[in-house]
Ligand SMILES: Cc1cc2nc3c(=O)[nH]c(=O)nc-3n(C[C@H](O)[C@H](O)[C@H](O)COP(=O)(O)OP(=O)(O)OC[C@H]3O[C@@H](n4cnc5c(N)ncnc54)[C@H](O)[C@@H]3O)c2cc1C
Ligand code: FES
Ligand code: FES
């Protein structure tokens, strides 16, 4: 970590390196820069959304070292060296929709789409450990994310469907 | 034949973009724009004595601080009163920045523009405002007392008093065999979309034009308002609605102060300026809804027929009335639901309080009205010892009575006439779905296990698709693709898919060749907005009419080219062909080429339309009279009056005898929104509405203290339901097509939320054996109610 | 909702952290799941943050014959997932499942939660119930162990001094023959509890109750520990009547009314959940003896 002073401001800037969706990234940010803002505005990965900035809604959820984490509750500088996956990184390598994303379309699990990236990342990680969830387990898995549009029913269905797609895709 | 899209569960065309993180919401734009934060009042009611910015001026990155005194021209005027009404005798609207007085916590006093939002918030913290506190008027009772005033020139805090009456309710009630009264209240909640509001404005000094993005439900009207307030020619202003992260009503209000101030600052500074509302701002400066007290008096006969109904209610409109009386007018008219009231009198007062403004939130006054009417039905049933569904059946408007004129004036200023609906059939479906007739045996079985369960039902009618109009534009490009635009906006309802389905059928073009744009004034300038479940009816109809017009033109040109008669042509999969002889065909792209006589060729396709390409009739001009080049058209749909969707919900709850926890065991919905364009989308709308209904019934409320502080202005304490709080929803549909529009559709956007509080209250009442008169209800409140009833 | 500026320090040893904390009069940044939201709301604006996240060795979970030891960077989720810790002391996992949502637990630390001393938080009550210890280090006074009985001073207030880093916490194993449970009711799944009760019941070979205690959250300024042994001791597990225990709890707590619950309702929940927790802990003890 090196620090530099921004000539235009008294606030110290910190060099931060991140691996985001497999791509090595270097940024220089003030200590208070939230990871959510760093991803969205410094790296222009605007798929990660911000709905509350106090940790409750889950729209900002990204994977840090594979684990779902609220990016609004992490300072970018503190994540220095981390490997991060955002919704943009949940696509298949060929750019088509990933299993969870495809399931969301199949099940109409999104309406406005604002909460969706947080669900996609959360579910992507969840299925790693729970390849075959029941509907009740699926409901619990998404229990920390708010959605104001869908009433969750189709998201629950999408979790189950995503597990199915994942099994199909790994089988082939 | 091309497969028919209308009525199919077509996957949404907007999804791949939104799912892969490629959506473009307001804060995804303008990364280099200056950013705004506001100094907002920490007091509910105060005079502003002084604003001192001196301590803030040295902050690096500060660009500008503006207070009311900096405003100029028409920005110094109060914001518009959007929907005036003769009964709104004391309408008041705020200034873009508070002038001398603040009337609720959160009202904007100073605007800070800085290099980014972090710095802007630093500056906000350094601006000192001196206040002289005034008494805060919070809650309907305080306001009604009239002891302290919100606005010194509004006596008794009364913004409006309005009465409607059909028949002589007092006489009918007096003459009825049975009479009763109820006091019923509903608390405040809010739309609370996951994305707050936001505005990005770019002034182009070379072009002298303003391009503004705003997370709104009406871009066309924002455009008019901004042009007027900034004294710009309207044609120098364009307003674009990007992807919007939910609206639910709060974003139909406009112009919000920020929608004036941000472009005003961009113009002054000559730089892009952006404001993105944070969650705390959203709680204290966007709109709320629902808070109302109702006093109900009614008379009924031995069979449970309602003979007369008189409702007085008090509506808390918050500090200002920019949206007029829409919410209480809807309550007073839609309260009647599927029932004939005998005689009906309704009177309301709209009252000022020192709280955030109240404007429509999904359902818009209907949940309150439905709660009142359904409590009346349950009270009659309880008194007479009748089954609650029997009382409802006896009071229903019958299908053969359609269209049914209530003799009242609806929110659109037009008569309240139901166009269609079959309420007995809907109720029969609902009873079958929930197993109404078997519930008593279920109850006994549960009781044997020490469990306490209850069932409730609630019915509603929802006026949807209100006018005045919407329009559509459609153009077939020379590559055969179709571009469609409509002026109203989208907040997640899948309008692009739904409209593409309509166009696909009307034109005979496959969905993937159709691109739909909504809410962009560069593309379509005349529109009203997205609210009142009106898009399918209004824009759906307008786009269908437009497609028919363009289709007619395409057939005319193709008939010429194919040397066939128009009547013999059909369009299949993007090709115009002679019926029964598919060999003789021309694709729509080629028709589009022919529709536009050219002098210059730029590709092989265009060559066909150039002046020497084919012998032309020298006696007519290349573009005949009354025609125009291009395969495009515009049309509008303006209905005589609203359509009326309806539905009924049944809920089974379990209440814990010890902890008073309330658990929803079943949630059943029967829903009639006329012809269904995309059942998948309609079900999604119902799911979302029900979740908001459950939230409003059991979790959400705005907790103001007596000083006007909002105690739960965060997602931590404003309890929006997670997946764990929303039940699985079982849905059955009935389709009674509306005779009023070309598609037979009615709106579906708001339906799910309306009967939530009514049905859940009924179920809790059924489980507990005492009346539930106030919603929402928490376990703590249920516990206290039990103590009160046990103490009696 | 953006935090105010602060000076950021990233020590790589505990000693360095303690030194920086003293020198800057700043705050420790652990998981940030409590600190960052209040900073974003500008309810707290520390001049400096000392980030523990890059200090090696602080995330260990050590299960010895007597206790579960965790470091200052042990995330809630890691402790919850740790099978050795669960086998030795199932209460840890049972209580952790009520701490926020899984995503918060992925980042939030158990020691941070203890230091934060929220009277509605689960893990302070678990530490108190088990008679655990917090290990603290200051650059000036060196190391000290603080008993949980002395640690929780008031709402959001612990015995930790401003210049002290909490480096570890120790949860002693419950005694042989014991059973434990956590019972909680919250408004929404994952919210802080309206009331939560941890319970520990110890049986002898004759399946008589030799000791029983509960620790409650959200009914006072700190976790409220109530020893209810006297209300039950000597009785065998299947003959026990906890009524007197509920009275002891009722006398010990002092709940307040807030926007989510009245004080009377919290008292009711405290009684009901105490009863449930004691019954579950007793059943757990029997099950463990049988196993
Ligand atoms: C939406 C949401 C819901 C939550 N629900 C719950 C819940 O139901 N139950 C619950 O218990 N918690 C809940 N939490 C809080 C969560 O458990 C926190 O993670 C925890 O309370 C604090 O741990 P932390 O590591 O994040 O600490 P931080 O936020 O980093 O720090 C919290 C405070 O402790 C100090 N501190 C932390 N570690 C040390 C140390 N080692 N030495 C000295 N000082 C230190 C910090 O300086 C700060 O003052 C919730 C949080 C959120 C955002
Ligand atoms: S924005 Fe991070 S949890 Fe809401
Ligand atoms: S889809 Fe709109 S908030 Fe979830």
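The values are calculated or read from the model by the stated rules, or taken from the named source; none is laboratory data. Quick caveat, the model's predicted, so the values are computed rather than measured. Using ideal geometry, Cβ is built from the backbone for each residue, glycine included, and neighbour counts are taken over all protein chains shown.
Side notes on the structure shown:
- Segment B:496-524, residues that are touching a helix residue (DSSP H, G or I) at 6+ places or on another chain (Cβ under 6 Å) and closer than 22 Å to residue B:212 by Cα: B:516, B:518, B:519, B:521
- Residues within segment A:28-57 that are within 13 Å of ligand 2 (Cβ to nearest atom), over 16 Å from residue C:101 (Cβ atoms) and not in a strand (DSSP E or B), tallied: 9
- Every residue from segment A:38-52 that is away from ligand 3 (no atom under 16 Å from the Cβ) and surrounded by 24 or more Cβ atoms within 10 Å (Cβ to Cβ): A:38, A:39
- Criterion: within 10 Å of ligand 1 (Cβ to nearest atom), in contact (Cβ under 8 Å) with a residue 40 or more places away in the chain and surrounded by 17 or more Cβ atoms within 10 Å (Cβ to Cβ) - qualifying residue of C:52, C:29: C:52
- Count of residues meeting criterion [buried (at least 24 other Cβ atoms within 10 Å of the Cβ) and more than 7 Å from ligand 1 (Cβ to nearest atom)] in segment C:107-122: 2
- Residues located in segment C:20-46, provided they are part of a helix (DSSP H, G or I) and within 16 Å of ligand 2 (Cβ to nearest atom): C:35, C:36, C:37, C:38, C:39, C:40
- Qualifying helices (runs of 4 or more DSSP H) (wholly inside segment A:58-172; at least 1 residues being outside the structural domain of residue A:47 (by TED's automatic domain parsing) and within 15 Å of ligand 2 (Cβ to nearest atom)): A:116-129
Let's see how each residue does on (1) surrounded by 21 or more Cβ atoms within 10 Å (Cβ to Cβ); (2) without any contact (Cβ under 8 Å) to a residue 12 or more places away in the chain; (3) over 23 Å from residue B:193 (Cβ atoms):
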site	(1), (2), (3)
A:77	yes, no, yes
A:84	yes, no, yes
A:90	yes, no, yes
A:94	no, yes, yes
A:101	yes, no, no
A:106	no, no, yes
A:109	yes, no, no
A:124	yes, no, yes
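- Selection from segment C:34-45 of residues that are more than 11 Å from every other protein chain (Cβ to nearest Cβ) and crowded, with 18+ Cβ neighbours inside 10 Å: none
- Wholly within segment B:195-269, strands (runs of 3 or more DSSP E) carrying at least 2 residues that are within 14 Å of chain A (Cβ to nearest Cβ): B:198-204
- Candidates in segment B:106-123 are the residues that are in a loop (DSSP other than H, G, I, E, B) and over 25 Å from the mean Cα position of the chain (by Cα); of these, the one that is surrounded by the most Cβ atoms within 10 Å (Cβ to Cβ) is B:116.
- Within this structure, residue B:162 fails the test of being closer than 28 Å to residue B:374 by Cα, in a helix (DSSP H, G or I), in contact with a strand residue (DSSP E or B) (Cβ under 8 Å, 6 or more places away or on another chain) and not assigned by TED's automatic domain parsing to the domain that holds residue B:92.
- Taking segment B:670-690 as the range and being touching a strand residue (DSSP E or B) at 6+ places or on another chain (Cβ under 8 Å), under 19 Å from residue A:109 (Cα atoms) and either within 8 Å of chain A (Cβ to nearest Cβ) or at pLDDT 90 or above (or both) as the test, the residues that pass are B:683, B:686, B:687, B:690.
- In segment A:34-48, residue farthest from residue B:30 (Cα to Cα) [restricted to those that are facing another protein chain (nearest Cβ under 8 Å) and in contact with a helix residue (DSSP H, G or I) (Cβ under 7 Å, 6 or more places away or on another chain)]: A:34
- Some residue of segment C:124-134 being surrounded by fewer than 22 Cβ atoms within 10 Å (Cβ to Cβ), near ligand 1 (Cβ under 8 Å from one of its atoms) and modelled with pLDDT of 95 or more: no
- Residue pairs whose Cβ atoms lie under 7 Å apart, sitting 6 or more positions apart in sequence or on different chains, and linking a residue in segment C:102-121 that is free of Cβ contacts under 8 Å to residues at least 12 places away in the same chain to a partner that is more than 6 Å from ligand 1 (Cβ to nearest atom), are C:103/A:58; C:103/A:61; C:103/A:68; C:103/A:69; C:103/A:70; C:103/A:122; C:103/A:144.
- Number of residues in segment B:698-756 that are touching a residue at least 24 places away in the same chain (Cβ under 8 Å), within 14 Å of chain C (Cβ to nearest Cβ) and either in a helix (DSSP H, G or I) or closer than 19 Å to residue B:456 by Cα (or both) equals 5.
- Qualifying residues in segment A:54-92 (those that are at the interface with another protein chain (Cβ under 7 Å from one of its Cβ atoms) and within 16 Å of ligand 3 (Cβ to nearest atom)) - the one nearest to residue A:22 (Cα to Cα): A:87
- Apart from one condition, residue B:17 fits all of (1) in contact with a strand residue (DSSP E or B) (Cβ under 7 Å, 6 or more places away or on another chain); (2) surrounded by fewer than 21 Cβ atoms within 10 Å (Cβ to Cβ); the exception is (1).
- Strands (runs of 3 or more DSSP E) completely within segment B:10-101 that count 3 or more residues being away from every other protein chain (no Cβ under 14 Å), closer than 30 Å to residue B:245 by Cβ and touching a residue at least 40 places away in the same chain (Cβ under 8 Å): B:62-66
- Taken over segment B:482-500, residues that are within 21 Å of residue B:688 (Cβ to Cβ) and away from chain A (no Cβ under 14 Å) amount to 2.
- Hits in segment C:94-125 - residues which are farther than 20 Å from residue C:58 by Cα and assigned to a helix (DSSP H, G or I): C:94, C:95, C:102, C:103, C:122, C:125
- Search result, residues across segment A:111-141 that are more than 9 Å from ligand 3 (Cβ to nearest atom), under 26 Å from residue B:191 (Cβ atoms) and more than 13 Å from the chain's Cα centre (by Cα): A:139
- Failed criterion for residue A:35 (all others in (1) within 16 Å of ligand 3 (Cβ to nearest atom); (2) under 15 Å from residue C:37 (Cβ atoms) hold): (1)
- Residue check, residue A:9 more than 16 Å from ligand 3 (Cβ to nearest atom), at pLDDT 95 or above and not in a strand (DSSP E or B): no
- Subset of segment B:582-605 (residues that are surrounded by 11 or more Cβ atoms within 10 Å (Cβ to Cβ) and part of a strand (DSSP E or B)): B:582, B:584, B:585, B:586, B:587, B:598
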